[in-house]
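Q: What follows is a structure written as structure tokens; I'll ask about it next.
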Amino acid sequence: EGMSFLDFLFPKFCVHCKKFGSYVCDDCFATISFFDGGFCVVCQKAAIGGLTHPLCKKRYTIDGVFSSLVYQGITKRLVYRFKYKPYLTSLQGILDDFFYEGLCQKEAFYRILQEDVVFVPVPLHASRLRMRGYNQSELLAKGLAKRFSLSFFDCLQRIKKTHTQVGLTKEEREKNIKDAFVVKKLKSLPVAVFLVDDVVTSGATLKEAAKVLKKAGVEKVWGVTLSHGN
């Protein structure tokens, strides 16, 4: 295939080993791990299928979280590039593939697909969106909606400019993200939601966003993330 003008401007090197040809070379592709575990974001312990433990659940608690990849090595670099290098939004096709494949392997996720459910992105604060130019979670949510032939629904707004969650304890993360989201004024809200983000660690962001959605009248909320980190 001939090189496009963009390939000439931004030649494709493997994000991990810098080999020329593609963003992920075959050798590095082989090191990517799918996340086959499941954990409860409330107590941080293992949970079958990634569903929140019944005893950990309250009225406005998120119903579960599904993640496709383990956030390590090349996956970390892919997520970082996707987040901070605008011209690398062309990574989206690769990441959509990984995200889709990882979710397809999850039985509990597949059962929920039969319900009337929509994909909702975790929003960025307006100032960060201006700086970055796009919301990576929105791109991922749109990619999944297309793959699964479901609707994309942008109904959350971030009203608090939060600090990065990196390096914070679980308690600090929860305090940092508290009251960060509101539901947009819309005629109607979906019954069930897949809340989409790029990485989940403590789950503080997903829990807070799910709480806001449920208080507004959404019945079921599950998180779906490209990757799961410690």
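Q: Within segment 192-228, restricting attention to residues that are assigned to a strand (DSSP E or B) and of a type in the set (D, E, K, R), which residue is farthest from S137 (Cα to Cα)? Outline the logic, then answer.
A: If we filter segment 192-228 for residues that are assigned to a strand (DSSP E or B), which is where we start, we get 192-200, 220-228.
Still in the running and of a type in the set (D, E, K, R): 197-198, 220.
Values: D197: 5, D198: 6, K220: 20 Å.
Looking at the filtered set, the residue picked out is K220.
Q: Could I ask something else about it? K184 versus (1) closer than 15 Å to T61 by Cα; (2) in contact with a Leu (Cβ under 9 Å, 6 or more places away or on another chain); (3) open to solvent by 50 Å² or more (accessible area, probe 1.4 Å): which is the lone unmet condition?
A: So K184 meets the others, but not (1).
Q: A further question on this structure: Output the number of the condition that Q136 fails; it satisfies all remaining conditions of (1) among the polar types (S, T, N, Q); (2) within 14 Å of the chain's Cα centre (by Cα); (3) farther than 23 Å from G93 by Cα.
A: Q136 satisfies all of (1) among the polar types (S, T, N, Q); (2) within 14 Å of the chain's Cα centre (by Cα); (3) farther than 23 Å from G93 by Cα except (3).
Q: Only one of (1) farther than 23 Å from V166 by Cα; (2) open to solvent by 40 Å² or more (accessible area, probe 1.4 Å); (3) among the β-branched types (V, I, T); (4) modelled with pLDDT under 90 is not met by T31, so which one is it?
A: (4)
Q: Of the residues G223, G203, which is open to solvent by less than 10 Å² (accessible area, probe 1.4 Å), out of contact with any Cys (no Cβ under 9 Å at 6 or more places or on another chain), of a type in the set (G, A, S) and closer than 21 Å to F34 by Cβ? First the steps, then the outcome.
A: On the way: G203 fails: out of contact with any Cys (no Cβ under 9 Å at 6 or more places or on another chain).
Going through G223, G203 in turn, the sole match is G223.
Q: So which residues in segment 50-63 are in a helix (DSSP H, G or I) and either among the aromatic types (F, W, Y) or open to solvent by less than 40 Å² (accessible area, probe 1.4 Å) (or both), if there are any at all?
A: First pass over segment 50-63, keeping only residues in a helix (DSSP H, G or I): 50, 54-56.
Passing the criteria: G50, C56.
Q: All but one of (1) farther than 17 Å from T225 by Cα; (2) out of contact with any His (no Cβ under 6 Å at 6 or more places or on another chain) hold for K161, so report the exception by its number.
A: Going through the list (1) farther than 17 Å from T225 by Cα; (2) out of contact with any His (no Cβ under 6 Å at 6 or more places or on another chain), K161 breaks only (2).
Q: Related question: Could you grab me the full set of residues in segment 121-146 that are in a helix (DSSP H, G or I) and surrounded by fewer than 16 Cβ atoms within 10 Å (Cβ to Cβ)?
A: Kept after step one, since they are in a helix (DSSP H, G or I), are these residues of segment 121-146: 126-132, 136-146.
Scanning segment 121-146 gives A126, S127, R128, L129, R130, M131, R132, K146.
Q: Consider only pairs whose beta carbons are under 6 Å apart and that are at least six residues apart or on different chains; among these, list those whose first residue lies in segment 176-195 and is farther than 13 Å from E219 by Cα and whose second residue is open to solvent by 70 Å² or more (accessible area, probe 1.4 Å).
A: Short answer, once both residue conditions are applied: N176/H163; V182/Q157; V182/I159; K184/Q157.
Q: Just one of the numbered conditions (1) open to solvent by less than 50 Å² (accessible area, probe 1.4 Å); (2) of a type outside the set (S, T, Y); (3) outside any helix (DSSP H, G or I) is not true of F99; which one?
A: Single failed check for F99: (3).
Q: Can you say whether C25 is farther than 20 Å from V199 by Cβ, at pLDDT 85 or above, under 25 Å from the mean Cα position of the chain (by Cα) and open to solvent by less than 50 Å² (accessible area, probe 1.4 Å), as far as the supplied structure shows?
A: Working: farther than 20 Å from V199 by Cβ: yes; at pLDDT 85 or above: yes; under 25 Å from the mean Cα position of the chain (by Cα): yes; open to solvent by less than 50 Å² (accessible area, probe 1.4 Å): yes.
Yes; evaluated as a whole, the condition is true for this residue.
The values are calculated or read from the model by the stated rules, or taken from the named source; none is laboratory data. Just so you know, these numbers come straight off a predicted model, no measurement behind them. Please note: Cβ atoms are built from the backbone with ideal geometry, for glycine as well, and neighbour counts cover all protein chains shown. These accessible areas exclude ligands, DNA and RNA; they are computed on the full protein's heavy atoms, side chains included. Shrake-Rupley method; radii C 1.70, N 1.55, O 1.52, S 1.80 Å.
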